[in-house]
Amino acid sequence: MTGALSKHHKFGRVKEKYNRIPNAKERAFHLYLIDNELCVCGCGRKAECVHHPLQRHPEQRWRRDHEFVVPMADECHRSLHGSGNERSWVDGRGIGHLPLLAAGYRVQGIYAGIL
């Protein structure tokens with residue numbers, strides 16, 4: 001019976017496999033944020049990289065989802081990772097919840113036709 005089922009049914013992956021390397025759309029989205037946004041921390045500097053928030057958003061496909069990122073200046077990004085605690089670094093700057101901000105940038109990427 002199992003053999004008969006597999007002949008007639010295609011069992012595909014429910015969730016796409018994680019790839020640590022961003023695909024073309026995700027790379028374009030990252031570059032879009034770097035080219036058009038300031039650092040999310042409010043320092044006023046131009047974004048130079050994107051950060052994958054360590055806290056989760058319910059719509060994320062996996063932990064380091066390339067569609068859920070926030071733009072940051074390199075110095076601020078290094079400071080965040082150097083702090084060892086993303087939540088306290090964010091709270092200390094009054095930024096807000098990074099996963100929600102990342103979701104907002106993702107929507108912006110969708111409306112811009114990038115994602």
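Of the candidates ARG64, ARG93, ARG56, ARG87, the single residue that is at negative phi, surrounded by 12 or more Cβ atoms within 10 Å (Cβ to Cβ), at pLDDT below 95 and within 9 Å of the chain's Cα centre (by Cα) is ARG64.
Scanning region 20-36 for residues that are surrounded by 12 or more Cβ atoms within 10 Å (Cβ to Cβ) and assigned to a helix (DSSP H, G or I) gives LYS25, GLU26, ARG27, ALA28, PHE29, HIS30, LEU31, TYR32, LEU33, ILE34, ASN36. Here region 68-84 is the region considered, the condition is being of a type in the set (A, V, I, L, M, F, W, C), outside any helix (DSSP H, G or I) and at pLDDT 95 or above, and the residue that is farthest from ALA28 (Cα to Cα) is ALA73. Residues that are in contact with a helix residue (DSSP H, G or I) (Cβ under 7 Å, 6 or more places away or on another chain), within 14 Å of ASP65 (Cβ to Cβ) and of a type outside the set (Ser, Thr, Tyr) were ranked within region 96-115; the one that is surrounded by the fewest Cβ atoms within 10 Å (Cβ to Cβ) is LEU115. Residues that are outside any helix (DSSP H, G or I) and touching a Gly at 6+ places or on another chain (Cβ under 9 Å) within region 89-103 comprise GLY94, ILE95, listed in sequence order.
The values are calculated or read from the model by the stated rules, or taken from the named source; none is laboratory data. Note that this is a predicted model, so its numbers are computed, not measured. Using ideal geometry, Cβ is built from the backbone for each residue, glycine included, and neighbour counts are taken over all protein chains shown.
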